[in-house]
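Worksheet: one structure, shown below.
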Amino acid sequence: MKKVFPLLLLMLVAGYASVSAYGQCCGPVNHPKDRIKATKTVTGTFKGFEVGDYIHAVITKKNGQEVSFFLPQTESVQYFLVTHKGEELTLTYHVVSSWIEEAGGMQTIERLATVKSATETNAAWWKKQRAGSSLSKLRQKYDAMVEKATINQ
C-alpha cells in the first residue's frame, strides 16, 4: 500500500497538469449568456421525465399532444411536478437562446420557468418544503419519486 500511494498521487498530478495545459480545467469559461426570446404558457398534466444529456419534463396537453421542456437547474420544479402528477397544471416557459455544449453552441430551447397547480405555484410550495426540512432530507424524500417518474429508463 505504501508503494501504491505515491504512484497514484503522481498519476493524479500528471493528469491534472495535462488537462490544465489544454485549458479544459479550472479556468472560467465565457459562453454567451442566455437570452429569453419569448414567454409562453401551456396547460396540461405531467406525464414524466425524459433523461438524456439533460432532463426534460413531458407534459400531455388537453388535446393529447405531448410537449417536452428543459428543466431549470433546480430540484424545486422536478419535485413539484412529481408531487402533482395527474393534476391539471399551468406551465409558464421561456423560449431561450442558450449555450448547449453537447449541441455545439447556442440553441433555441423551451425551458420551464414556473408551474402552477390549482392551489399553489412551485415557488410557494418549495418555500414551505424548505422551511420544514434540509435539502438532503428533501432529496431523500423526492429523488426516488423523480426516478420512478422517468419514462426512458
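What follows draws every value from the coordinates through simple rules; no lab data is involved. These figures come from a predicted structure and were not determined experimentally. Neighbour counts are summed over all protein chains in view; Cβ atoms, including those assigned to glycine, are modelled from backbone coordinates with ideal geometry.
Descriptive notes on the structure:
- Reference-scaled alpha-carbon Rg (2.2 N^0.38 Å with N residues) for the stretch 48-117: 1.12
- Exposure proxy order (Cβ contacts within 10 Å, fewest to most) of LEU138, LEU81: LEU138, LEU81
- For the stretch 31-148, pairs of C-alpha atoms spaced more than 21 angstrom apart make up 40 percent of the total.
- Interchain or long-range residues, amide H under 5 Å from ALA113's placed H: THR92, TYR93, HIS94
- Likely footprinting exposure, SER134, SER98, fewest C-beta neighbours within 10 Å first: SER134, SER98
- Distance (nanometres) between label positions extended 7 Å along Cα→Cβ at ASP53 and TRP99: 1.4 nm
- Counting only residues at least eight positions apart within a chain, or on another chain, the lysines with an alpha carbon under 25 Å from that of LYS128 are LYS47, LYS85, LYS116, LYS137, LYS141, LYS148.
- The slack between GLU88 and SER136, meaning 0.36 nm per residue of separation minus the straight C-alpha distance, is 14.4 nm.
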